[in-house]
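As structure tokens, the structure follows; a few thoughts come after it.
The values are calculated or read from the model by the stated rules, or taken from the named source; none is laboratory data. Quick caveat: nothing in here was measured; it's all calculated off a predicted structure. No Cβ is skipped: glycine too gets one built from the backbone with ideal geometry, and neighbour counts run over all protein chains shown.
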């Protein structure tokens with residue numbers, strides 16, 4: 001098993017549903033605690049929270065990024081604690097999304113894969129403009 005950080009989970013959210021503001025803060029703090037505890041225990045590589053300073057806050061207020069090896073992220077996504085938090089988040093915050101992403105060396109593998117598929121499909125060359 002590789003110890004290289006190559007996978008991540010991105011959790012994004014908008015404003016809380018009206019009347020659920022205090023509950024949403026509790027869910028947020030529970031997520032910070034869970035991921036901080038997992039980081040301290042070495043079960044994920046790291047966790048960072050980004051709160052937007054500009055933009056459409058109703059649509060996108062913040063992002064939480066949890067990184068680790070593919071095996072660590074697989075275990076996280078399968079865990080009851082994570083699944084429960086994501087379900088809670090979807091019930092208290094608007095525009096709540098969870099996405100898995102590649103990072104680190106996995107990005108280069110994905111680009112290589114994309115290029116190989118483009119070759120297989122015969123579309124390896126980028127389209128040219130017809131000026």
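Here are the numbers for this structure:
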{"quantity": "Residue that is surrounded by the fewest Cβ atoms within 10 Å (Cβ to Cβ) [pool: residues in segment 31-45 that are touching a helix residue (DSSP H, G or I) at 6+ places or on another chain (Cβ under 6 Å) and in contact (Cβ under 8 Å) with a residue 40 or more places away in the chain]", "calculated": "34"}
{"quantity": "Within segment 13-131, helices (runs of 4 or more DSSP H) holding 2 or more residues that are farther than 22 Å from residue 3 by Cβ and more than 15 Å from the chain's Cα centre (by Cα)", "calculated": "21-40, 80-92, 105-121"}
{"quantity": "Residues of segment 1-19 that turn out to be under 13 Å from residue 88 (Cα atoms) and surrounded by 16 or more Cβ atoms within 10 Å (Cβ to Cβ), as a count", "calculated": "3"}
{"quantity": "Filtered residue count, segment 63-119, keeping only those that are surrounded by 14 or more Cβ atoms within 10 Å (Cβ to Cβ), under 19 Å from residue 24 (Cα atoms) and out of contact with any strand residue (DSSP E or B) (no Cβ under 7 Å at 6 or more places or on another chain)", "calculated": "6"}
{"quantity": "Segment 90-115, residues that are touching a helix residue (DSSP H, G or I) at 6+ places or on another chain (Cβ under 8 Å) and at pLDDT 95 or above", "calculated": "92, 93, 96, 98, 100"}
